[in-house]
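Take a look at the structure set out below.
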Amino acid sequence: TGQPVARATKRTSSNPAPATAAAPAAAPKAAPVSAPSSPADVILGGRYRLLHILGEGGMGTVWAAEHQLLKKLVAVKLLLPQQLHGAARKRFEREARMAGSIGHPSIVKVFDLGHREDGAPYLVMEYLKDESLADRLETYGALDVAECVTIMTQVLGGLAAAHEKGIVHRDLKP
């Protein structure tokens with residue numbers, strides 16, 4: 001589903017690993033289900049104002065959004081138009097509910113699942129602000145072995161927790 005498998009963490013001397021949030025990753029920009037004249041024109045569920053696109057995965061576009069009452073930054077995933085019908089939509093909703101139950105430090109927290117006025121589902125997740133692994137590799141090049149081990153330990157821990165809940169990740173990326 002393109003869900004992040006590892007939380008973003010700051011690099012410090014005690015934590016040399018770069019941020020490892022697998023999604024949202026930089027990707028070509030795409031419009032939401034029905035393109036608003038401005039993202040600020042879209043408020044989902046009466047609570048989440050879309051701000052800007054963070055990235056796009058195989059199933060949806062991820063937006064930065066603000067909870068209007070709490071003034072809290074969140075990430076909102078909207079299904080791509082071609083995914084709105086059939087098995088993809090059902091899988092999105094089912095996996096969103098399951099992802100919200102994992103509760104692992106390397107898995108992004110899921111706060112809400114809702115439906116737009118046009119019936120398209122959306123998923124509200126914790127906003128991870130840091131460098132992605134892809135950005136880290138592009139900026140600094142190859143990782144040393146210790147960094148690889150630290151990152152893969154986090155990723156595999158998150159995947160194991162997901163697998164224990166019956167979730168198979170279909171869109172894992174750096």
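The values are calculated or read from the model by the stated rules, or taken from the named source; none is laboratory data. This structure is a prediction, so every number in the text was calculated from the model and none was measured. Heads up, the Cβs are rebuilt from the backbone with ideal geometry, glycines too, and the neighbour counts pull from every protein chain shown. For the accessible areas, the whole protein counts, side chains as well, though only heavy atoms, and no ligand, DNA or RNA atoms are used. Shrake-Rupley method; radii C 1.70, N 1.55, O 1.52, S 1.80 Å.
In the range 63-91, the residues that are at pLDDT 85 or above and part of a loop (DSSP other than H, G, I, E, B) form Cβ pairs under 9 Å with partners that are among the charged types (D, E, K, R) and open to solvent by 30 Å² or more (accessible area, probe 1.4 Å), at six or more places apart or across chains, as follows: Q68/R47; Q68/R49; L69/R47; L70/R47. Only residues that are surrounded by 14 or more Cβ atoms within 10 Å (Cβ to Cβ), closer than 18 Å to G55 by Cα and modelled with pLDDT of 90 or more were counted across the range 137-174, and they come to 1. If the condition is being in contact with a helix residue (DSSP H, G or I) (Cβ under 6 Å, 6 or more places away or on another chain) and open to solvent by 10 Å² or more (accessible area, probe 1.4 Å), then the range 71-105 contributes I102, H104. For the range 152-170, check the following and say yes or no: at least one residue is in contact (Cβ under 8 Å) with a residue 60 or more places away in the chain and farther than 20 Å from E95 by Cβ. Looking through the range 152-170, at least one residue is in contact (Cβ under 8 Å) with a residue 60 or more places away in the chain and farther than 20 Å from E95 by Cβ. Among the conditions (1) modelled with pLDDT of 90 or more; (2) among the basic types (K, R); (3) more than 13 Å from the chain's Cα centre (by Cα), R97 misses just one, which is (1).
Go through the range 106-133 and give me each residue that's among the aromatic types (F, W, Y) and open to solvent by 30 Å² or more (accessible area, probe 1.4 Å).
Let us first name the residues in the range 106-133 that are among the aromatic types (F, W, Y), namely 111, 122, 127.
Those that are among the aromatic types (F, W, Y) and open to solvent by 30 Å² or more (accessible area, probe 1.4 Å): F111, Y127.
Can you name the residue in the range 51-62 that is farther than 15 Å from A120 by Cα and outside any loop (DSSP other than H, G, I, E, B) and is also least open to solvent (accessible area, probe 1.4 Å) among such residues? I'd like the intermediate steps shown before the answer.
Step one: list which residues in the range 51-62 are farther than 15 Å from A120 by Cα, which gives 51-58.
Going one step further and asking which of them are outside any loop (DSSP other than H, G, I, E, B), we end up with 51-56.
Details: L51: 73, H52: 90, I53: 32, L54: 36, G55: 1, E56: 54 Å².
Looking at residues that are farther than 15 Å from A120 by Cα and outside any loop (DSSP other than H, G, I, E, B), I get G55.
The set of residues from the range 119-174 being in contact with a Lys or Arg (Cβ under 9 Å, 6 or more places away or on another chain), in a helix (DSSP H, G or I) and within 12 Å of A99 (Cβ to Cβ) comprises just one member, G158.
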